[in-house]
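J.: Dropping a structure here in structure tokens format, bear with me for questions.
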Amino acid sequence: MRELNRAPVLREDPPEGVDRIVSCADHEGVPRALLAAFKFRRLTGLAPLIAGFMADAAGPPREGQTIMVPVPPARIRTWLRGFDPVGLLAIEVARSTGITLPDDPLLYRRGQARQRGRGRAGRLGDPPDIRPLEGAGRLLGGREVLLLDDVMTTGATLATAAASVRQAGAASVSALTFTRRL
């Protein structure tokens, strides 16, 4: 807990299409181990702890203006894990901050390619195919969107998600992650 509490909040260098980004910590040491335990060892009880740090880093939302959009996982990853880590974090962050989280997904991810284990060039050269679902524009049009993801490594996934919410009419796009690779 001491290492997490001492970790500097990272706010610079958003990926393409993202106006602002906030990450709770660098993707190493305790933050990385905590995220790995949550995602890969299925320690879903860690979601409130991780989301608490994310909510604190995000700060207060503008009243009624911001809508949170979790970055969608590859369906095979959700099936293999038995849960959607980012979806769980989004529920907890929304509960802590009061930021609107739609009941239904607004984005979907085509294909089954995973980002983990791919090098920087592979991630940037072939980012995930993320698209808005039909009707997303009704909720996103003219709104501030907060994209939520667990980790940012190259920014390829967040950039693709940002392009999708902008396509659906978002006025501005921010991102919030637990960790970030520097």
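The values are calculated or read from the model by the stated rules, or taken from the named source; none is laboratory data. Treat the numbers as computed from the prediction; the structure is a model and nothing was measured. Ideal geometry is used to build each Cβ from the backbone, glycine not excepted, and the neighbour counts take in all protein chains shown.
J.: Can you tell me which residue is surrounded by the fewest Cβ atoms within 10 Å (Cβ to Cβ) among those in the range 2-23 that are over 20 Å from residue 93 (Cα atoms) and basic (Lys, Arg)?
T.: If we take residues in the range 2-23 being over 20 Å from residue 93 (Cα atoms) and basic (Lys, Arg), then 2 is surrounded by the fewest Cβ atoms within 10 Å (Cβ to Cβ).
J.: When only residues in the range 73-96 that are assigned to a helix (DSSP H, G or I) and in contact with a Ser or Thr (Cβ under 9 Å, 6 or more places away or on another chain) count, which is nearest to residue 35 (Cα to Cα)?
T.: 85
J.: Tell me yes or no: at least one residue of the range 133-155 is polar (S, T, N, Q) and part of a helix (DSSP H, G or I).
T.: First pass over the range 133-155, keeping only residues polar (S, T, N, Q): 153-154.
In the following step, the residues that additionally are part of a helix (DSSP H, G or I) were identified as none.
Checked against the condition, which is being polar (S, T, N, Q) and part of a helix (DSSP H, G or I), the range 133-155 yields no hits at all.
J.: Further question: Filter the range 74-124 for residues that are surrounded by fewer than 16 Cβ atoms within 10 Å (Cβ to Cβ), modelled with pLDDT of 65 or more and among the charged types (D, E, K, R) and give the result.
T.: Correct list: 75, 81, 95, 103, 104, 110.
J.: Could you list, in sequence order, all residues of the range 146-182 that are modelled with pLDDT under 95, buried (at least 18 other Cβ atoms within 10 Å of the Cβ) and of a type outside the set (Ser, Thr, Tyr)?
T.: Scanning the range 146-182 gives 155, 156.
J.: Can I ask one more? In the range 1-15, what residues are without any contact (Cβ under 8 Å) to a residue 12 or more places away in the chain and in a helix (DSSP H, G or I)?
T.: Scanning the range 1-15 gives 2, 5, 6.
J.: Related question: Of the residues 35, 80, 89, only one is touching a Leu at 6+ places or on another chain (Cβ under 9 Å) and farther than 30 Å from residue 138 by Cβ; which?
T.: On the way: 80 fails: touching a Leu at 6+ places or on another chain (Cβ under 9 Å); 89 fails: farther than 30 Å from residue 138 by Cβ.
Exactly one of 35, 80, 89 is touching a Leu at 6+ places or on another chain (Cβ under 9 Å) and farther than 30 Å from residue 138 by Cβ, namely 35.
J.: Given (1) surrounded by 18 or more Cβ atoms within 10 Å (Cβ to Cβ); (2) touching a Leu at 6+ places or on another chain (Cβ under 8 Å); (3) farther than 15 Å from residue 107 by Cα; (4) not aromatic (Phe, Trp, Tyr), identify the lone condition not met by residue 143.
T.: In the conditions (1) surrounded by 18 or more Cβ atoms within 10 Å (Cβ to Cβ); (2) touching a Leu at 6+ places or on another chain (Cβ under 8 Å); (3) farther than 15 Å from residue 107 by Cα; (4) not aromatic (Phe, Trp, Tyr), residue 143 misses (2) alone.
J.: Same structure again: Counting only residues that are buried (at least 20 other Cβ atoms within 10 Å of the Cβ) and part of a loop (DSSP other than H, G, I, E, B), which one in the range 28-72 is farthest from the chain's Cα centre (by Cα)?
T.: 72
J.: Further question: Evaluate the following for residue 74: is it touching a strand residue (DSSP E or B) at 6+ places or on another chain (Cβ under 6 Å) and of a type outside the set (Phe, Trp, Tyr)?
T.: yes
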